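Data block below; observations after.
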Amino acid sequence: MSEEALRQQIQNLKKHNARLKRIAHDARNKLSAALDGTGLCLWQLDIPSGKLVIFNRRWGSMLGFQPKETKAQFEVWRERLHPEDADEVLKAFYDHIEGRAPYYEALHRMLGKNDKITWVLDRGRVTEWDEEGNPLKVTGTHIDMTKEKQYEAQLSSLAHHDPLTGLTNRHALQTHFSKMKAQGPLCVAFIDLDNFKHVNDTLGHRSGDEVLIQLSQRILDQVPPNVVVGRLGGDEFVLLMPFLIDFPKVRIMMQAVLDAALTPFDVDNGHAQIGASIGVATVQPHFSFDEALTRADEAMYQIKKNGKQGFGLAG
């Protein structure tokens, strides 16, 4: 082959190589865009070196980092695992690497920039082994699950909390009741507001809602953390108190709640004045939630009959 022909062949090979590089670069950009659009991060780990190859920028961005702001190393990923999840995640990873599980999968939290928490669903599988059967490379995906976890938390909150006041709702009160009754003494307070209808009639339901929200916070401020405060609906509230009914703190709390209701409320269009009638009953071992509530309701009704704005105890 002549020198000129050889030079021409080398030139053709260079052009072909450049074309292949452009095709590969274009394909990688398209893959990156497609993965980023789905919130998916594709990664590959070289086990001997600990080097991570990230095939798109989603992994860093989901943790709040700019490109090349963090090193693509296994140890960096490991350090970013949430401390409460790290042991479980690493166990799942090494169970697969060491042949005890067919694949690696973990839903867990990671600490991003400024320790911002991101939930990820992490999956992977060994894709290359050496001649002795030792794993060399693991290929997998990260999916950002933060929004899904937030939505899940919101649903859980709605299922257990009153949407207006944020207090425990009836369903959750029943659950708390069963647990607290099994743990020791328990008494139930039933709170019915006095003159609340007058607030709605004169100031409007929006102001009425504001009174309920403010009162809820006032009640929470007056009771210890081990007392469960709930709203049944309307202007009816319930306290679950893990005390004997003759424990002095019960009377002190009831007076504090009564004072909280009697203190005027500032609302957008004026001032609201209400009161409260409260009945407290001891929970007997055989009582259901509804039975305990009925006993407390009966004690509250006696207060209503005797002029309202007070509390009564029924042992």
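A probe of 1.4 angstrom, applied to the heavy atoms of all protein chains, finds Glu148 with accessible area near 90 square angstrom. The C-alpha atoms of the stretch 150-193 occupy a region whose extents along the principal axes are 36, 29, 11 Å, arranged from largest to smallest.
Applying the criteria of a DSSP loop state and at most 15 other Cβ atoms within 10 Å to the trypsin sites (Lys or Arg not before Pro) of the stretch 89-139 yields Arg100, Lys116.
Extension gain Ser157-Asp259, at 0.36 nm per residue separation less the Cα-Cα distance, in nm?
33.8 nm
Each label was represented as a point 7 Å from its Cα along the Cα-to-Cβ direction; for Glu291 and Gln174 these points are 1.6 nm apart. Prolate is the label for the stretch 66-128, because the ratio a/c of its alpha-carbon gyration tensor axes (a ≥ b ≥ c) is 1.5 or higher and a/b is greater than b/c. If R0 equals 45 Å, the separation of the Cβ atoms of Phe247 and His271 corresponds to a calculated FRET efficiency of about 0.80.
Among the listed pairs Lys116/Lys147; Lys181/Lys305; Lys51/Lys147; Lys51/Lys149, those with a Cα-Cα distance over 21 Å are Lys181/Lys305; Lys51/Lys147; Lys51/Lys149.
Extending 7 Å from the Cα toward the beta-carbon at both Asp87 and Tyr103 defines two label points whose distance is 2.7 nm. Distances between placed amide hydrogens fall under 5 Å for Gly312 paired with Ile278, Gly279, Val280, all partners being 5 or more residues away or on another chain. For the stretch 166-313, taking Cα atoms only, Rg and Dmax work out to 14.8, 48 Å respectively. For Lys137, the amide hydrogen comes within under 5 Å of the amide hydrogens of Ile47, Thr127, Glu128, counting only partners 5 or more places away or on other chains and with H modelled in the peptide plane.
The values are calculated or read from the model by the stated rules, or taken from the named source; none is laboratory data. Model, not experiment: these values are computed from the prediction. Glycine also receives a Cβ, built like all others from the backbone with ideal geometry; neighbour counts cover every protein chain displayed. These area figures cover heavy atoms from the full protein model, side chains too; ligands, DNA and RNA do not enter into them. Shrake-Rupley method; radii C 1.70, N 1.55, O 1.52, S 1.80 Å.
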